[in-house]
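This report concerns only the one structure given below.
The values are calculated or read from the model by the stated rules, or taken from the named source; none is laboratory data. Being a predicted model, the structure only gives us computed values, none of them experimental. Reconstructed Cβ throughout: ideal geometry from the backbone, glycine too, with neighbour counts over all protein chains shown. When the accessible area is computed, the model is the full protein with side chains, heavy atoms only, and any ligands, DNA or RNA have been set aside. Shrake-Rupley method; radii C 1.70, N 1.55, O 1.52, S 1.80 Å.
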Amino acid sequence: MSTENELDAGSNVGQDRAPGDEGGDEDRSLSAEVRGYVLGLVLAIALTIASFWAVQTHLIYGPGIPMALVALAVAQMGIHLVFFLHITTGPDNTNNVLALAFGVLIVGLVVFGSVWVMAHLNHNMVPMDELMRMQR
Amino acid sequence: MTALALTAGAAGTDHAGATGHGAGGPAPKRIIVGYGFWIFLLSDVIMFSAFFATYAVLASNTAGGPSARQLFDLRNTALETACLLASSFTCGMASLAVGQRSMRWTQLTLLVTGLLGAGFLALEFREFAGLLARGAGPSRSAFLSAFFTLVGCHGLHVTAGLLWLGTMMAQFLAKGFRQDIRLRFLCFSLFWHALDIIWVAIFSLVYLVGTIL
């Protein structure tokens, strides 16, 4: 049992990797791991500042700002996934990535499907005040 | 038949090349627990996506009440974002400290994580109290119902995370760096980072988009 514990503590050779676990080199030094988190933090802060800047600037074409915010948010989620949750494209991470891909698919279907259907429904529906008049 | 048995035997001994082929015996517990919790987190994200879809559909239905543009204070949102991002970072530091088996750094980084999380919650409570005081409670309009459900649900998750964090600090202190405690901590750190990812979607799509539409 104790050897098994030793094995799973850091050995990634030929194994899958749990989400959240540091990957690759077992010999990765502590300072290299800290650097990874600091890099993730710096990138996340930069993207957050860019998002807050995007709503206050006049440099971006107005109707395009929501798309810019979506792009920045997706980028920041990617940064969090890679640097904090250690979801990568490495071969030992395939299961985690596939589960994530399925989750993203369902999220996309739910959000875009709802918005799409409800927008069309709204468009085709009799306006509320007219509906009230018809019932009178 | 013999050839099949032979290949099976060869695969059985070839431990190092067994990734994804199921021939290397059961995966270590850390992989199984981490993967299972990852699946849970993804289903939690799917639940949030339903709240996001509801909010997106109802965001413009203000029923003559205040709109997002009039209600949201971006300075407060920026502070909340800073708190949660910093606490996600210190949580990462805590998992490094656990890897190093350093009790002092584990407790210190977890304490900072908890304080930043509590700061986030305090800011959110202040914001909600302010909205209620202005008569913009969840019953005012469909927009506000969806807003309070989405953001409040995230706030409830952070509250549960804080309780879990306190439990982890106590368990590390009382039981040391035992394997089962470290597995629990792996799940906690995944949970905490996932909450920050959901907050990224909330501050971008609810607060920032809300103030320009």
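What to note about this one:
- For the range A:29-65 versus the range A:82-136, the inter-centroid distance based on Cα atoms is 25 Å.
- About the centre of its Cα atoms, the range B:101-213 shows a dipole size close to 380 debye [charges on the beta carbon of Lys, Arg (+1) and Asp, Glu (-1) only; nearest 20 debye].
- The contact between chain B and chain A removes approximately 4200 Å² from the accessible area (both sides summed; 1.4 Å probe; ligands, DNA and RNA excluded).
- Probe 1.4 Å, all protein chains present, accessible-area order of B:Val98, B:Val57, largest first: B:Val57, B:Val98
- Cα-based shape type of the range A:54-111, given that a ≥ b ≥ c are square roots of the gyration tensor eigenvalues and the cut on a/c is 1.5: oblate
- Cα convex hull of chain A, projected area averaged across orientations, nm²: 14.6
- Cα pair count fraction exceeding 21 Å, expressed as % - the range B:118-213: 44
- For chain B: rounded, prolate or oblate by the Cα gyration tensor [a/c cutoff 1.5]: oblate
- Within the protein assembly as shown, the proportion of C-alpha pairs whose separation exceeds 36 Å stands at 30%.
- Potential lengthening of the chain between B:Ser139 and B:Cys153 amounts to 3.4 nm, from the contour at 0.36 nm per residue minus the alpha-carbon distance.
- Of A:Val126, B:Val209, the order by accessible heavy-atom surface (1.4 Å probe, DNA, RNA and ligands excluded), from most exposed downward, is A:Val126, B:Val209.
- The range B:81-108 versus the range B:135-213: alpha-carbon centroid distance in Å: 17
- Note that the range B:32-136 presents 45 Å² accessible area per residue, ligands and nucleic acids not counted, probe 1.4 Å.
- Put simply, the C-alpha atoms of the range B:51-174 give a gyration tensor, and the ellipsoid matching it has half-axes of 36, 13, 12 Å, longest first.
- The mean count of C-beta atoms from other chains within 10 Å of the C-beta of residues in B:101-113, rounded to a whole number, is 0.
- Across the range A:21-80, counting alpha-carbon atoms alone, Rg and Dmax equal 15.7, 49 Å.
- Couplings for the range B:97-106, taken from phi via the Karplus curve 6.51 cos²θ - 1.76 cosθ + 1.60 with θ = phi - 60°, read 5, 5, x, 8, 6, 9, 5, 4, 5, 4 Hz in order; Gly and Pro are left as x.
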